[in-house]
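These notes are about the structure you will find just below.
Throughout, read-outs are computed from the coordinates displayed, never taken from laboratory work. As the structure is a prediction and not an experimental result, all values here were calculated from the model. All Cβ positions, glycine included, derive from the backbone under ideal geometry; neighbour counts span all protein chains shown.
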Amino acid sequence: MTNTFRLHVTGRDGKVRESDARIDVSLLTILRDAGIDEISAMCGGNCSCATCHVYVDVGPSLPGPAIEESEMLDTLVHQTSLSRLACQVALSAGISALRVEVAPEE
Ligand code: FES
């Protein structure tokens, strides 16, 4: 099983960037490694700021958010059914591609 996958990221400017990414780190780290610098992640990945809000389209292969993440997402104006906090998303081996869109600033 491969430890990399194809990452497609749509930024706030609407441009799509693609790269290969490692699986064994958080989605926030993956996005930073991919050069996505528009996510401020003010709390440093501690699930307490929601400035790492993204939309993730990965289907049922991604476990849903934990209670703490859900509570933070519920505070967001731009929350949708695809909303996740990038710092809380851990990917599992077997994923081949992931589409992520950076959510609007709150
Ligand atoms: S970086 Fe603050 S909630 Fe994710």
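Here LEU76 and ARG22 are evaluated by their C-beta separation; at R0 = 22 Å the FRET efficiency comes out at 0.20. With θ taken as phi - 60° and the Karplus curve 6.51 cos²θ - 1.76 cosθ + 1.60 applied, the whole-hertz 3J(HN,Hα) list for the range 26-40 is 5, 4, 4, 5, 4, 5, 5, 4, 7, x, 7, 9, 8, 9, 6 Hz, x standing for glycine and proline. Backbone phi angles across the range 99-106, fed through the Karplus curve with coefficients 6.51, -1.76 and 1.60 (θ = phi - 60°), yield HN-Hα couplings of 10, 10, 10, 6, 6, x, 5, 7 Hz in residue order; Gly and Pro are listed as x. Antiparallel beta bridges, as assigned by DSSP with both residues in the range 4-102, represent about 75 percent of the total such bridges.
3J(HN,Hα) along the range 77-88: 5, 9, 5, 9, 5, 9, 5, 8, 9, 4, 6, 9 Hz, from the Karplus curve 6.51 cos²θ - 1.76 cosθ + 1.60 with θ = phi - 60°, whole Hz, x for Gly and Pro.
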